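Here the structure comes first, spelled out in structure tokens, and everything after it is commentary.
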Amino acid sequence: MTEARKFRIATASLAGCFGCHMSFLDIDEKLLDLLQLVDFDRTPLTDIKTIGLRGPCDIGLIEGGVCNAENVHVLREFRAHCKILVAMGACAVNGGLPAQRNHLDLRDILSEVYHTEAGLAHGGIPNDPELPLPLNEVHPIHEVVKVDYFLPGCPPPADAIWKFLTDLIAGRTPRLGHGLLRYD
Amino acid sequence: MNEQTFNLDGQEIPFAAGQSVMQAALAAGVFVPHLCYHPEFRPHGSCKLCTMKINGRPATSCTTPAAAGMEVESDTPEILDTRRILLQMLLVEGNHFCPSCEKSGHCKLQALGYELGVMSPHFNHFYPDRPVDASHPDVLLDFNRCILCELCIRASAEVDGKNVFALSGRGIKKHLIVNAESGKLGDTDFALTDKAAQVCPVGVILPKHKGFAVPIGQRRFDAEPISAHVEEFKPIAAAAPRAGDKP
């Protein structure tokens, strides 16, 4: 008798603060229950750097919005390799805190930080080819790729992440009740 | 007994003469989503969240007078979807960043998002540029969150008698302005004790010096969803005049 195939989960943090990943870890001992049901693919938790090397992923959890060219690249890779892509947390859902720069001109921001602001080292705007170019605006991920589910919260409570994943794995449409669905 | 009723989702709702469909529903303990409605003010009919199907046609229940024998649908997938889309459009039109908003947990827009299960903005964000006005010593104006419900305008004109606020521009450019030559709240006679300072359903008009005073878990809509607060939205006694009523 073969064991039921485990779900493969990949996660990434784009323009986020890793708070959603911390909240994910905050499901505490239930992580052990989760590990009975899932394997992890590319995620900061496993330190696997490339997604999909061991087959397609079932669920991709994206934390953070899209603020630079590398975010776009990672997000498209996740979309290509994940059957279900989830916007996890406020920044992935609506841009969040990083998107509060959107009404400012990018050139002005870089100039203020690297040239003119008192108290900061004026080393010039970084121009290393290794650095991804920032986008003019920060975008929620659904403005770049198709997103299947949204899990709001800053961060989503650990119980919301647990409820969401267990619903999804059990084949139910995830439903967050009062207290689990929150935007802050 | 000759009490008049209409049918709301299969429930007979009694009403008094002059009551709107929404007032009768609220009085009967049926929650109706709303943003521009306030029990102390005349209905405005602008946010459209209270839309119901009344005798087969969509209509704002806050402005439709109740009539005997009406067939009204409110809690149906079609109406709930409409309300969700309205909320999503409001959320992308302004800059609604709940994690950094002092009104979070007390905000009716947010609470309705929870109530109706709005999981995503769905549309592309506008990210409008709306500078804040911190010129007043006691009150901060953060226009980023304005939903144009006009409650502050109505309160300032009809209750405070000050006409501090107004709308300017048309269509998508419509926005809240302050009625002063400089356009700054600090140059008006606006006071924290004004009715207009108490009625904002979202986080535009904020008292200074006490941000985030209520801890998470104890805020207005933390313990129970907004639908459990139906008592607070019940119409005031029919005899009491509402602000803006014609004498």
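The simple spin-label model puts a point 7 Å past each Cα toward its Cβ; for B:VAL214 and B:ILE236 those points are separated by 2.1 nm. Modelled this way, with points 7 Å down the Cα-to-C-beta line, the labels at A:ASN127 and B:ALA67 are 7.3 nm from one another.
For segment A:92-184, what log10 I(q)/I(0) values come out of the Debye formula at q = 0.24 1/Å, with one point per alpha carbon and no solvent? Values, matching the q order: -1.22. Simple spin-label estimate for B:ASP129 and A:ASP108 gives 0.5 nm between the two label positions (7 Å along the Cα-to-Cβ direction from each Cα). Of the GluC sites (Glu not before Pro) found in segment A:76-147, those that fall in a DSSP loop while having at most 16 other beta-carbon atoms within 10 Å are A:GLU117, A:GLU130. For B:TYR37, the shell of other residues with beta-carbons less than 13 Å away shows a net charge of +3, using +1 for Lys and Arg and -1 for Asp and Glu. Using θ = phi - 60° in the Karplus curve 6.51 cos²θ - 1.76 cosθ + 1.60, the 3J(HN,Hα) couplings for segment A:143-160 round to 7, 10, 10, 6, 10, 8, 9, 10, 10, x, x, 10, x, x, x, 3, 5, 5 Hz; x is entered for Gly and Pro. Please list, in chain and number order, the residues 5+ apart from A:PHE40 or on another chain whose amide H is under 5 Å from its amide H, with Hs placed from the backbone. Sorted by chain and number, the residues that satisfy this are A:ILE9. The H on the amide N of B:GLN4, modeled in the peptide plane, is under 5 Å from the matching H of B:PHE15, each at least 5 residues off or on a different chain. Of the three principal axes defined by the Cα atoms of segment B:12-142, the extents in descending order read 51, 35, 21 Å.
Dipole orientation for segment A:15-128: of the candidates A:GLY19, A:SER111, A:HIS73, A:HIS73 has the Cα lying most toward the positive pole (charges on Cβ; Lys, Arg +1; Asp, Glu -1).
Per the Debye calculation on segment B:114-213 with a single equal scatterer at every Cα and no solvent contribution, log₁₀ I(q)/I(0) for q = 0.12, 0.24 Å⁻¹ amounts to -0.42, -1.39.
The ratio of the alpha-carbon radius of gyration of segment A:136-184 to the globular-protein estimate 2.2 N^0.38 Å is 1.28.
For segment A:1-64, the Kirkwood estimate of the hydrodynamic radius, built from every pair of different alpha carbons, is 12.5 Å.
Available extension along the chain between B:MET89 and B:HIS229 is 48.0 nm, counting 0.36 nm per residue and deducting the alpha carbon span.
The Cα atoms of segment B:102-151 give a gyration tensor whose axes a ≥ b ≥ c have a/c of 1.5 or more with a/b no greater than b/c, which makes the shape oblate. By the Kirkwood approach, averaging reciprocal distances over each pair of separate Cα atoms, chain B gets a hydrodynamic radius of 19.1 Å. The trypsin sites (Lys or Arg not before Pro) of segment A:9-98 meeting both criteria, a DSSP state outside H, G, I, E and B (loop) and at most 15 other C-beta atoms within 10 angstrom of the site's C-beta, are A:LYS49, A:ARG54.
Can you tell me how segment B:168-247 classifies by the Cα gyration tensor, rounded, prolate or oblate, using a/c under 1.5 as the rounded cut? Cα axes put segment B:168-247 in the oblate bin. Across segment A:14-22, computed HN-Hα scalar couplings (Karplus, 6.51 cos²θ - 1.76 cosθ + 1.60, θ = phi - 60°) run 8, 7, x, 10, 6, x, 5, 5, 5 Hz from first to last residue, x flagging Gly and Pro.
Over the C-alpha trace of the protein assembly as shown, radius of gyration and Dmax come out as 24.5, 84 angstrom.
The angle between the Cα long axis of helix B:77-93 and the longest principal axis of the Cα atoms of chain B comes to about 10 degrees, rounded to the nearest 10.
Could you compute the longest span of chain B free of chymotrypsin sites (Phe, Trp or Tyr not before Pro) located in DSSP loops and having at most 16 other Cβ atoms within 10 Å, not counting the site residues?
B:1-122
Lysine pair count for chain B (Cα-Cα distance under 18 Å; residues 8 or more apart in sequence or on different chains): 12. The smallest convex shape that holds all Cα atoms of chain A, its convex hull, gives 140 Å³ per residue.
Read-outs throughout are calculated quantities, based only on the coordinates presented, and are distinct from any laboratory measurement. Remember, it's a predicted structure, so these values are computed and weren't measured experimentally. All Cβ positions, glycine included, derive from the backbone under ideal geometry; neighbour counts span all protein chains shown.
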